[in-house]
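> Quick one: the structure is below, and I'll ask about it shortly.
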């Protein structure tokens, strides 16, 4: 029987990679495979069956699937194990975004980027969840790479409600993602304030995500209060149902992030029929395809006008909704599961 | 039909038109990319002086108030040890930063010296 042990540097209840690892475990069980899931840092509140990585004792021949998204505390010990290893690279935020507001996270990211060199040289197969991430692996010398897009469960957010052709009432703009400097919620607040001032005085902005540090969360809250008092809501710690409610209540999804290794909320926005405006950064263009409006312009007035256009043009929104649904078909779980299975088998059969 | 491919062009034209009429005067193109490294270097000096905040010592579990109280009591009981630990670490941090600063200055001097010397060729 094939046994696959998954290792994460950290696991948490709202963490997309932890969620994916648990979905993978379900697939492995369905395929009759064994193994367990481990993490070096386990956040309080995680009720899933993730074991402390210090207890890892693999049998010879067990595959180690390493989900790489931050620094590993004991990488040398891990690399010394003779087992076949499959790297799944989820990208690591470049630390220069984070030193100012979250130095500990930055240190973990710096370590994670350094360790990527060692990982690429030591694994049987290097996989990534986007072509953008796979490109970084290839730059580090990986000769065999595979792309296994993030496996998401949209059903957990509940069904998408039918949408009226016109936006009625006060328009609501949504972004979902960790409150972090590289996600540029600061820029979104500034752009939204312009849109509100010149186009829709009653518009609202909802930002959903846990702050990378208390001080950064407070900084964004202050910015929102000064530029758009009473119009910006920052929400943290939402359940999947509550998150689904935010998508259902929104009229547009705007992502001005400048670094993304994948960006699941874009697909969630497609699921809920929301028009998407995004920066073409990192993996965003390959995830969005032709289903969203990509804007690289640094001028926030252009982004504000694009938002005004998409909220006022029913025909445009309808076309984007149609393309969004089509885009989701490229991320069907059974297709991704097939790629995962092939990658594990390739790691097992590699010399 | 309103094609998504045309939307950005329409938005740019609308922004230009609005600007011509006096709108968006306060909108500035913001610097893309991360904060400049100087900001992080300044932060280094702030971080060198360790000042742990006891408010961050807490339990996130449900009904965690007694656990929080116990943790903070332990900190009070160990205050002498922690003051010593913090002093030693802060001293090391500050000395190390001073050393890095001297190295930086020396490198700048050597680079300036090297660039001012005539190239004698092979």
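Each value in this text was obtained by applying a stated rule to the coordinates, not by laboratory testing. These numbers were taken from a predicted model, which means no experiment stands behind them. Ideal geometry is used to build each Cβ from the backbone, glycine not excepted, and the neighbour counts take in all protein chains shown.
> Pairing the Cα long axis of helix A:300-312 with the longest principal axis of chain A, what angle in degrees results, from 0 to 90 and rounded to the nearest 10?
Computed tilt is about 80 degrees.
> Relative to the first principal axis of the alpha-carbon coordinates of chain A, what is the inclination of helix A:103-122, with its axis defined by its Cα atoms, in degrees from 0 to 90 and to the nearest 10?
Orientation of helix A:103-122: about 50 degrees from the principal axis.
> Any chance you could check the Cα centroid distance between region B:48-122 and region A:276-338 for me, in angstrom?
43
> Which angle between 0 and 90 degrees, to the nearest 10, do you get for helix A:214-227 versus the longest principal axis of chain A when only C-alpha atoms count?
20
> How much mean residue ellipticity at 222 nm does chain A get from its helices, if each DSSP H run of length 4 or more adds -39500 (n - 2.57) and you divide by all residues, to the nearest 500 deg cm²/dmol?
On the way: 12 runs with 146 residues, N = 351.
The helix contribution divided over chain A gives -13000 deg cm²/dmol.
> Quantify how strongly other chains surround peptide B:3-10 by giving the mean number of their Cβ atoms within 10 Å of each of its Cβ atoms. All intermediate terms of the calculation are to be shown ahead of the outcome.
Numbers: counts 3, 12, 2, 2, 13, 11, 0, 5.
Mean partner shielding for this stretch: 6.
> Using only atoms on other chains, find how many Cβ atoms lie within 10 Å of each Cβ of peptide B:59-69 and report the average.
Values: counts 1, 3, 2, 2, 0, 1, 0, 0, 0, 0, 0.
Mean inter-chain Cβ contacts per residue within 10 Å come to 1.
> Taking the Cβ of each residue in A:331, A:247 as the centre, tally the other Cβ atoms inside 10 Å and list the residues starting with the fewest.
Details: A:331 18, A:247 24.
Lowest to highest Cβ neighbour count: A:331, A:247.
> For a protection proxy built on the mean count of beta-carbon atoms within 10 angstrom, sort B:2-11, B:86-95, A:116-125 highest first, please. All intermediate terms of the calculation are to be shown ahead of the outcome.
Working: B:2-11: 16.0, B:86-95: 12.4, A:116-125: 18.6.
Output ranking for B:2-11, B:86-95, A:116-125: A:116-125, B:2-11, B:86-95.
> I want to verify the translational diffusion coefficient of chain A in µm²/s; compute it with Stokes-Einstein, Rh as the Kirkwood radius over Cα pairs, at 25 °C and 0.890 mPa s. Can you show the working numbers first?
Values: Rh = 21.1 Å.
Using the Kirkwood radius from Cα pairs, D works out to 116 µm²/s.
> Shielding of B:11-21 by partners, i.e. mean partner chain Cβ atoms within 10 Å per residue? Don't skip to the answer; put the middle values down first.
Values: counts 15, 7, 2, 8, 12, 4, 1, 7, 2, 0, 0.
Average per residue, whole number: 5.
> So for each of A:232-244, A:100-112 I average, over its residues, the number of other beta carbons within 10 Å; can you give me the resulting order with the highest mean first? Can you show the working numbers first?
Numbers: A:232-244: 15.2, A:100-112: 19.2.
Top of the packing list down: A:100-112, A:232-244.
> If neighbour count is taken as other Cβ atoms inside 10 Å, put A:260, A:59 in order from fewest to most. Spell out each step's value before the answer.
Working: A:260 26, A:59 10.
So the residues, fewest neighbours to most, are A:59, A:260.
> Ranked highest first by the average count of other Cβ atoms within 10 Å around their residues, in what order do A:248-257, A:141-150 fall? Before the final figure, lay out each step's value.
Working: A:248-257: 21.9, A:141-150: 18.2.
Highest to lowest by the protection proxy: A:248-257, A:141-150.
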